[in-house]
Structure formats: structure tokens, C-alpha cells
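This report concerns only the one structure given below.
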Amino acid sequence: MRFEATELKGAWLIGLEPASDDRGFFARTFCMREFAEHGLETGFVQHSASYSTRRGTVRGMHFQRAPAVEVKVVNCVRGAIYDVIVDLRKRSPTYRCWQGFELSAENRRRLYIPAGYAHGFQTLSDDAEVEYLISEFYAPQSASGVRYDDPAFAIEWPLPVTLISEKDRSWPDYVESL
């Protein structure tokens with residue numbers, strides 16, 4: 001695997017290093033040893049998936065508060081998404097900064113999202129499927145989020161939003177949720 005640091009502290013893009021032949025290729029998508037060598041989480045207790053039918057759909061921006069903060073590794077296995085993370089760690093040099101990445105079935109990149117980040121994505125294609133490795137069990141009492149259009153972050157989405165849940169549309173302004 002290839003590990004590429006992002007502009008946001010602690011977040012990484014992970015690329016595959018396929019071994020190819022006439023049949024296609026084989027590649028590791030997770031290796032405990034390689035993750036540990038980069039100081040990354042290696043214990044994932046859940047593997048989840050989401051499927052979105054329409055291009056322009058936004059899911060997020062989600063995170064879990066203490067005591068159930070979570071690390072995620074996200075990849076798109078069908079279609080394409082614009083994956084966005086926001087650093088919500090108050091002591092971080094990249095606090096309140098965001099960055100977006102195209103993840104697709106074609107580029108096979110994964111995004112490592114540290115604890116303390118909000119995460120969401122917009123589908124760039126119809127029929128987009130996303131898979132997640134998650135370090136903590138889902139804890140409804142710790143679930144939280146910030147609005148996809150919160151002026152505190154000014155995220156620039158690549159497409160008009162065609163579909164978003166009422167819950168994701170209704171998160172309060174970030175300054176109010178502190």
C-alpha cells in the first residue's frame with residue numbers, strides 16, 4: 001500500500017499496490033503491520049456500507065463524540081464520490097479546516113480519517129457504494145454532525161445537492177454546537 005499524507009493532520013490517502021498478470025490484479029487493502037508503521041489505528045470493530053442511487057446525494061457530515069470517537073477508513077467500491085473531512089480537534093493546527101478527495105471504484109483509493117474529524121461525501125455518479133472500516137461500535141448517544149453547508153467551514157461541493165436527509169440538513173451551526 002502507498003500512504004500519502006493529506007493537508008489535514010493525521011488524515012491519509014491510501015493507494016493500492018496491485019500485483020498484476022493476465023487475470024487482473026491482487027492487492028492488499030488493509031495490513032495491520034503497515035498501518036501500525038504509520039502510527040494509524042489497526043483495530044476496526046465494524047465494517048459498514050452505504051449505497052446511494054442518485055448523483056449529487058450528500059451524506060454527512062457525521063462524527064461521534066467521546067467516549068465513542070471513531071477512526072474510519074473509507075473507500076468507494078462502485079461509482080465515485082467526493083469525500084470530505086473537517087478537522088474538529090480544537091488543539092490541532094488544522095482545526096476547522098476541510099479537504100475533499102475523489103474516491104472511486106476506478107482509482108481504488110482509501111481515506112484514513114482520524115478520530116475527531118467530521119466526515120461526509122457527495123456522490124459524483126448514480127449508484128455509488130461506499131464501504132467503511134470503523135474503530136468503535138456505533139453509539140447513538142454519541143452520534144453528532146455538522147451541516148454540509150455550515151458557514152464555519154464553507155465546504156465547496158462539486159455538484160448541486162440533489163438529495164440529503166432531513167437530519168443532515170438540520171444540524172445546528174457549528175458555533176452553537178460546541
Item checked: Burial order of peptide ranges 15-22, 57-64 (average beta-carbon count within 10 Å, highest first) -> 57-64, 15-22
Next item on the list: Report the label-to-label distance for Ala36 and Ser20 in nanometres (one decimal), using points 7 Å from each Cα along the Cα→Cβ vector.
Entry: 3.2 nm
Notebook entry, point to check: Rg/Rh for the range 103-178: what does it come to with C-alpha atoms and Rh from Kirkwood?
Noted result: 0.95
Check: Cross-link partners among lysines for Lys9, C-alpha distance below 28 Å, same-chain residues fewer than 8 apart left out?
Finding: Lys72, Lys90
Margin query: As I understand it, the dipole of the chain uses +1 on the Cβ of Lys and Arg and -1 on the Cβ of Asp and Glu, about the Cα centre. Which of Ser104, Gly24, Ala154 lies farthest toward its positive end?
Written below: Ala154
Next item on the list: Distance between Cα centroids, the range 121-173 to the range 1-54: provide it in whole Å.
Entry: 21 Å
Notebook entry, point to check: What's the percent breakdown of Cα-Cα distances in the range 53-120 across 5 Å bins, shortest bin first?
Noted result: 4, 17, 25, 24, 16, 9, 4, 1
Check: For the range 43-173, taking Cα atoms only, what is the radius of gyration to one decimal and the Dmax to the nearest whole Å?
Finding: 13.8, 38
Check: To the nearest 20 debye, what is the magnitude of the charge dipole of the chain about its Cα centre, counting +1 on the Cβ of each Lys and Arg and -1 on the Cβ of each Asp and Glu?
Finding: 320 debye
Notebook entry, point to check: Highest GNM mean-square fluctuation, the chain, Cα pairs closer than 10 Å: which of Tyr117, Tyr132, Tyr51?
Noted result: Tyr51
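We did not get these values from a lab; they are worked out from the coordinates using the rules stated. Not measured: the values here are computed from a predicted model. All Cβ positions, even for glycine, are placed from backbone atoms using ideal geometry, and neighbour counts span all protein chains on display.
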